[in-house]
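To start, the structure itself, in C-alpha cells.
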Amino acid sequence: MRHWLTKILCQLSQLIKVAAVVGSILFMINHGSAVVQGKMTRDRWISGLLTYLVPYGVNIHGQYISRSRQR
C-alpha cells in the first residue's frame, strides 16, 4: 500500500510541475499583453486559470495511454 501511495504522490508532483511550467507559458502567450496593459477582465482571469488545466489534462491522458499500451 505504501509503495502505491508513494508512486501516486510522485506522479502528482510531476503533473503539477508540468502544469505550472507549460500553463505559465501558455498564459503569457494568451494573456501576457492584457496583464501588462492592465486589461484583464474577470472572464480573462477565468480563462487564464483554465489554461493551467490543459497541460495537466494532456499529461494525465498521456500517462493513461502509455500504461494501457504497456498491458
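Sub-7 Å Cβ pairs linking a first residue in region 20-35 that is aliphatic (A, V, I, L, M) to a second residue that is outside any helix (DSSP H, G or I), at least 6 apart or interchain, are A34/M40, ordered by first then second residue. Checking the structure you have, find out if any residue of region 36-44 is among the small types (G, A, S), modelled with pLDDT of 95 or more and out of contact with any Asp or Glu (no Cβ under 6 Å at 6 or more places or on another chain). Yes. When L26, L53, L5 are checked against the criterion of being modelled with pLDDT under 85 and either touching a Lys or Arg at 6+ places or on another chain (Cβ under 8 Å) or hydrophobic (A, V, I, L, M, F, W, C) (or both), L5 stands alone in meeting it.
Tallying residues that are hydrophobic (A, V, I, L, M, F, W, C) and within 21 Å of K17 (Cβ to Cβ) within region 28-56 yields 6. Does N59 qualify as being modelled with pLDDT under 85, surrounded by 10 or more Cβ atoms within 10 Å (Cβ to Cβ) and not basic (K, R)? Yes; evaluated as a whole, the condition is true for this residue. State which residue is farthest from the chain's Cα centre (by Cα) when the search covers only region 20-71 and only residues that are in a loop (DSSP other than H, G, I, E, B) and closer than 24 Å to I8 by Cβ. Among those that are in a loop (DSSP other than H, G, I, E, B) and closer than 24 Å to I8 by Cβ, it is R71.
The values are calculated or read from the model by the stated rules, or taken from the named source; none is laboratory data. If you're wondering where the values come from, they're calculated on a predicted model, not measured in any experiment. Virtual Cβ from ideal backbone geometry, glycine too; neighbours counted across all protein chains shown.
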